[in-house]
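Notes to accompany the following structure.
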Amino acid sequence: MSQLTFLGSCREIGRSGFYLENKDESIIVDYGAKLSTPPEFPDMVPLDNLQGIALTHAHLDHSGGVPRILSQTEASLFCTPATRDLTLLLLRDMHNISKGRLPFTRKDIPLVRRQCQATAYEETIPLGHHFEMTLFNAGHIPGSSMVSVRVNGKRVLFTGDVNATESQLNLGARKNLPKHDIVVTESTYARRTNPDRVEIEKALVDTVIETMERGGTVLIPAFAVGRSQEMMCILEQNNIPQKYPIYLDGMARKVNEVLTRHPEYLQSPQSFSRAVGRTRIIQDNRDRTKAAKSGGIIISPAGMLKGGASHLYFKLLHDDPKNSIVLVSFQIPGTPGAELIRTGKVLVGSREYEVAADVRMHHLSSHSDSRGLLDLLTRIPGDPEFHIVHGESESCDKLQDLLQKKGRKANVPEVNEMIEI
Ligand SMILES: [Zn+2]
């Protein structure tokens, strides 16, 4: 008999973690952080007979606690080489801003490289005597995977974060998945319908061109991993005239180096390489001030205007109606980005700023929406039993409802719930 325990991401986004046991062996899939203050992690599990940890992708809500596990076991980490290198960047960044409130030290982070067995998509790897593991492309960010585990004659799929729709940066998730008995699925956008991607990209490019033509500067606050590179590729694909400079700030430049080393995970390595060649890198505050005055396009963290260099740009650009601030991802309620959309004002430090710049929302999603998820899940052969995680409580319930209406078995697990396989 085998057991699967849901360690986290139950009715929430954050601290994903799953523990699979069979007889005297076990494996872990994802071990992420919830980025609260201080960060929270899944409960610790026995590691005596751990045969490996599989990691779906680099985002910290999936990877943020991995060094804690690696520091206590000789077991290997299995993920794509792109996920390994992006995870290292994000872990170092989290460590720098965490002020020692993590359950591991800086010297544990390189274990991600040392204990990693880089794994290709579609390659089947035996783990111990009882498990076999295969990664399938998840289409969410470069290197992202769905993890399929065979145990006790059954097959269990962990979707991680998944996007079936192709973007200018990513190939879409693998279609035609093999038969599975159990599917643990994300539900981030189970209550949303994403607008057509081509239309959003067109609206985004129109905003950029209009701003350039009236002599303004565009600020695009964007996450360093994935979204910043997607912005670069969209601008490159749409032939933004060379006279308008494109700037890149923050960790995104290191992410570019990683993706340049791993072009096999990109929709078009040529387009990405042209986009990188066209982008000017920001080094310091002098560069930032110059860029803000240049009448160009600035891509900078943080994606929801939550600190990072985007605060400095915001202060330099907010009061001129010629400029634009373009938000390109979901803005979590309570963040400066969400307040900007809702009220036209932003609190930075203790000062509230009225914004005269043109504020636009062109939301590009890296998750499948309700239709996309349902389509992907109901096509998996074998009439699997679904366990829904990684969404707000209402989103988990919504996906359960949608699946049950299609006659499927669907459960929303609680933290530390265990099921027999
Ligand atoms: Zn993710």
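Just a few scattered comments:
- In the condition set (1) more than 23 Å from ASP358 (Cα to Cα); (2) without any contact (Cβ under 8 Å) to a residue 12 or more places away in the chain, GLY226 is compliant with all but (2).
- Considering the conditions (1) touching a Gly at 6+ places or on another chain (Cβ under 9 Å); (2) within 16 Å of the ligand (Cβ to nearest atom), PHE78 is excluded by exactly one of them, (2).
- Note on region 169-185: among residues that are among the polar types (S, T, N, Q) and touching a Leu at 6+ places or on another chain (Cβ under 9 Å), the one that is modelled with the lowest pLDDT is ASN170.
- Checked against the criterion of being crowded, with 22+ Cβ neighbours inside 10 Å, more than 16 Å from the ligand (Cβ to nearest atom) and either basic (Lys, Arg) or at pLDDT 95 or above (or both), the candidates PHE131, PHE158 yield just one match: PHE131.
- Test: residue in region 93-102 that is β-branched (Val, Ile, Thr), free of Cβ contacts under 8 Å to residues at least 60 places away in the same chain and more than 24 Å from MET146 (Cβ to Cβ): yes
- Leading residue by the ranking (farthest from GLU122 (Cα to Cα)) among those in region 168-187 that are crowded, with 23+ Cβ neighbours inside 10 Å and within 16 Å of the ligand (Cβ to nearest atom): SER187
- Residue in region 237-248 that is touching a residue at least 40 places away in the same chain (Cβ under 8 Å), crowded, with 22+ Cβ neighbours inside 10 Å and among the aromatic types (Phe, Trp, Tyr) present: yes
- Test: ASP161 is farther than 22 Å from SER370 by Cβ and among the acidic types (Asp, Glu): no
- Of all residues making up region 13-56, the number that are within 14 Å of the ligand (Cβ to nearest atom), assigned to a loop (DSSP other than H, G, I, E, B), closer than 20 Å to LEU102 by Cα and in contact with a Gly (Cβ under 8 Å, 6 or more places away or on another chain): 7
- Residue list for region 331-343, restricted to those being within 24 Å of GLU210 (Cβ to Cβ) and in a loop (DSSP other than H, G, I, E, B): GLN331
- The set of residues from region 190-213 being under 20 Å from the mean Cα position of the chain (by Cα) and either small (Gly, Ala, Ser) or more than 30 Å from HIS387 (Cα to Cα) (or both) comprises ALA190, ILE200, GLU201.
- The sole residue among VAL147, VAL112 that is within 16 Å of the ligand (Cβ to nearest atom) and in contact (Cβ under 8 Å) with a residue 24 or more places away in the chain is VAL147.
The values are calculated or read from the model by the stated rules, or taken from the named source; none is laboratory data. All values reported here derive from a predicted model rather than from experimental measurement. So basically every Cβ, Gly included, is an ideal-geometry build from the backbone, and we count neighbours across all protein chains shown.
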